[in-house]
Every structure is written in structure tokens, then in C-alpha cells.
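Here is the structure we will look at.
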Amino acid sequence: MHELQLMRQMVSRVTEVCQSHPGTHLILIRMEISSHSHLASHTLEELQTTFHLAALGTPASDANLDIRILSAKGTCRSCGCTTDRGPETFACPHCSSGNVLWEDLPELVLKDIQLLDPTE
């Protein structure tokens, strides 16, 4: 399961941030997934479940998870059409050309985390 490995990497990064802020409690994690990523072919519920499996026993285990799918765009070099890229989109939907210049977005990005400091 490649999804679990990606989520474990995300949890590892979140854990590093939490360790650099001792005494705080992680309450929210925001991540963005590119629409061309195979992760985008899963439901948000499946991604949440995979994340929480990866987060068991870490500071991220009780945090809320906000996942946003970013739509990557592409321009067909043959017909000039602009289209959105999904996980199974490889060619222009208008002329079927494979000569599409796709926007290069990272597969998965940790956008933001919110920490609660109980002393404030």
C-alpha cells in the first residue's frame, strides 16, 4: 500500500514539528493532494482512515485531518485545449492527443498544522 507509506512520511514530518513545540497539542493537520496523484482516486474517508492508521501512537493520532484536492491543469499542444487532470487522465479529452503539458504539482503536501498551547 503506497498510500500508507506516503501517510507515514506525512506523520513523520508532523511528529518532527510537534517535537519542536513541546507542551503543545496537535489539533488540526491540513494537507493538499494533487488531482493527478493516485491518492486522489481514493475517497476522503479512505485517506482519513489510512492517515489515522499511520498516526497510531504518534502526536497526530487525535488530530483532525483536512484534505484538499488540488486540480492540476494541462494544455494540449495539439489542439490548445485546457483541461483538468485527474488520476486517470493521460491524454487530451478533446482530441485524444498524448501531447499535453501538465502543470507540475507535488503529489502530497503538508500545508498547515495547528497546535494548541494549553498554557495560553
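The values are calculated or read from the model by the stated rules, or taken from the named source; none is laboratory data. Just so you know, these numbers come straight off a predicted model, no measurement behind them. Every residue, glycine among them, receives a Cβ derived from its backbone with ideal geometry; neighbour counts consider all protein chains shown.
Is it fair to say residue 45 is free of Cβ contacts under 8 Å to residues at least 24 places away in the same chain, closer than 30 Å to residue 119 by Cα, loosely packed, with under 13 Cβ neighbours inside 10 Å and charged (D, E, K, R)? Full working, then the answer.
Numbers: free of Cβ contacts under 8 Å to residues at least 24 places away in the same chain: yes; closer than 30 Å to residue 119 by Cα: no; loosely packed, with under 13 Cβ neighbours inside 10 Å: yes; charged (D, E, K, R): yes.
Taking the combined requirement at face value, the residue does not satisfy it.
What are the residues in region 14-28 that are surrounded by 15 or more Cβ atoms within 10 Å (Cβ to Cβ) and out of contact with any helix residue (DSSP H, G or I) (no Cβ under 6 Å at 6 or more places or on another chain), if any?
17, 24
Please work out which one of (1) touching a helix residue (DSSP H, G or I) at 6+ places or on another chain (Cβ under 8 Å); (2) assigned to a strand (DSSP E or B) is the condition residue 53 fails and give its number.
Going through (1) touching a helix residue (DSSP H, G or I) at 6+ places or on another chain (Cβ under 8 Å); (2) assigned to a strand (DSSP E or B) one by one, residue 53 breaks only (2).
Looking at 89, 83, 75, 49, can you tell me which residue is modelled with pLDDT of 90 or more, over 21 Å from residue 20 (Cα atoms), in contact with a His (Cβ under 8 Å, 6 or more places away or on another chain) and not charged (D, E, K, R)? Before you say what the answer is, go through the steps one by one.
Details: 89 fails: modelled with pLDDT of 90 or more; 75 fails: in contact with a His (Cβ under 8 Å, 6 or more places away or on another chain); 49 fails: in contact with a His (Cβ under 8 Å, 6 or more places away or on another chain).
83 is the lone residue from the list that is modelled with pLDDT of 90 or more, over 21 Å from residue 20 (Cα atoms), in contact with a His (Cβ under 8 Å, 6 or more places away or on another chain) and not charged (D, E, K, R).
So how many residues does region 30-39 have that are closer than 17 Å to residue 5 by Cβ and more than 8 Å from the chain's Cα centre (by Cα)?
2
Testing residue 39 on (1) touching a strand residue (DSSP E or B) at 6+ places or on another chain (Cβ under 9 Å); (2) in a loop (DSSP other than H, G, I, E, B), one condition comes back false. Which one is that?
(2)
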